[in-house]
Amino acid sequence: MEITTKIKDRVIRQLFSEIERRKMSQAEFAKTIVMRHGIKFDKSVLSQIKNRDNRNYSVIKDSTWMALARYYRVMDECTWETVATKAYISVQAHLEKCQEFGMWQVLCDRAGIGKSYAAKEYERNHINVYYIDCSEHPGKSDFVKFLAGIFGLEKTGTIDQLWNAVTNELLLRDKPLLILDEFGDCAEAVISLMKGLYNKANVGGMMMLGCYFIGADNLEKRLQDGRRIKKRSYAEFWSRFNDRITGLNYDNQPKIFKQELRKEIEKIVDANLPEELVDMREEIIEKSLATNGVRAISNEIAIQKMLAQKRAQLNK
């Protein structure tokens, strides 16, 4: 797919908007980009693309433009409209509470229901919020290095020394919040890290850090089994979130859940369906509903848009 100048300009607006929102230096932000996307990105690039009149688009490879455009969701002329589903409203409320009061909370619910989307949106729109996909950084070393990169820290000693430096930096922030998505995929050592981090953040009865763990059935089972068989760190970890796993309050009866989900899918489709695909509305809804979640909606719309374009080309 061609990455047009329009798409690149949208990416640039998002880049500098994020720098301003996060109140980061260009050097710090460049390191964040490298760690977050696993791509090469030097701070000097930012000065070469900042001014609209003499932008040097070639300093960024097309694969990097693509990664950034996908992250900021600016690939299409029409940006994706967020709809306040039950999952979105609940996750946003949980995150706000965790950040404001330094609370620790675990969310386990169905896959594909919009948990990650809501969490990423919160991270995009709030400062001192750090989102980590634990499926991409499951091991202790990867996990610590990823967080270190966000703060511009480099490994000079052991991983434990780096973790100490990372947590020192994290706790200096004003009301910091860690969002650990796909936490069921993390290594046992990461659970021990988080147990220790709670102790470090708990000063004089006040919590200096909020933390929100997200997962599906595998995370809930793992936490329950770990406590049941008295696995190391699990009992203490449960106490960090008050022995309670949160859900999203969708109905457990399959028929009623499907009815709830259909209404939410319809709202998302109606907010994002291009006018030229109105005739495909029901098909997109049904195919999305069959997945028992909302994740497939954007893909279904994209597929139908592509098919419509091909039909138009054939009819010329």
> If you go through region 260-280, how many residues are more than 27 Å from the chain's Cα centre (by Cα), modelled with pLDDT of 90 or more and either surrounded by fewer than 15 Cβ atoms within 10 Å (Cβ to Cβ) or within 16 Å of GLY112 (Cα to Cα) (or both)?
Replying inline: 2
> Could you say which residue among GLN99, GLN92 is modelled with pLDDT of 95 or more, open to solvent by 10 Å² or more (accessible area, probe 1.4 Å) and in contact with a Leu (Cβ under 6 Å, 6 or more places away or on another chain)?
Replying inline: GLN99
> How many residues are open to solvent by 10 Å² or more (accessible area, probe 1.4 Å) and touching a Phe, Trp or Tyr at 6+ places or on another chain (Cβ under 7 Å) if we restrict to region 196-217?
Replying inline: 1
> Within region 24-45, which residues are over 20 Å from the mean Cα position of the chain (by Cα) and open to solvent by 70 Å² or more (accessible area, probe 1.4 Å)?
Replying inline: LYS40, ASP42, LYS43
>> Quick check on region 303-311. Is at least one of its residues of a type in the set (S, T, N, Q) and either loosely packed, with under 13 Cβ neighbours inside 10 Å or at pLDDT below 90 (or both)?
In response: yes
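Among the listed residues ASN199, ASN242, ASN249, ASN292, which satisfies the condition of being more than 22 Å from the chain's Cα centre (by Cα), part of a loop (DSSP other than H, G, I, E, B) and not charged (D, E, K, R)? Walk me through it before giving the result.
Values: ASN199 fails: part of a loop (DSSP other than H, G, I, E, B); ASN249 fails: more than 22 Å from the chain's Cα centre (by Cα); ASN292 fails: more than 22 Å from the chain's Cα centre (by Cα).
None of the other options fit; the residue is ASN242.
Residue by residue, here is whether (1) open to solvent by 10 Å² or more (accessible area, probe 1.4 Å); (2) among the hydroxyl-bearing types (Ser, Thr, Tyr); (3) outside any loop (DSSP other than H, G, I, E, B) holds:
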site: LEU107; (1), (2), (3): no, no, yes
site: ARG110; (1), (2), (3): yes, no, no
site: SER116; (1), (2), (3): yes, yes, yes
site: ALA119; (1), (2), (3): no, no, yes
site: ILE127; (1), (2), (3): yes, no, no
site: GLY152; (1), (2), (3): yes, no, no
site: LEU170; (1), (2), (3): no, no, yes
site: ASP174; (1), (2), (3): yes, no, no
> When SER288 is evaluated against the numbered criteria (1) within 30 Å of CYS211 (Cα to Cα); (2) out of contact with any Phe, Trp or Tyr (no Cβ under 7 Å at 6 or more places or on another chain); (3) of a type outside the set (A, V, I, L, M); (4) open to solvent by less than 50 Å² (accessible area, probe 1.4 Å), which criterion, by number, is the only one it fails?
Replying inline: (1)
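The values are calculated or read from the model by the stated rules, or taken from the named source; none is laboratory data. These numbers were taken from a predicted model, which means no experiment stands behind them. For neighbour counting, all protein chains shown are included, and Cβ atoms are generated from backbone atoms with ideal geometry for every residue, glycine included. Accessible surface areas use protein heavy atoms only, side chains included; no ligands, DNA or RNA. Shrake-Rupley method; radii C 1.70, N 1.55, O 1.52, S 1.80 Å.
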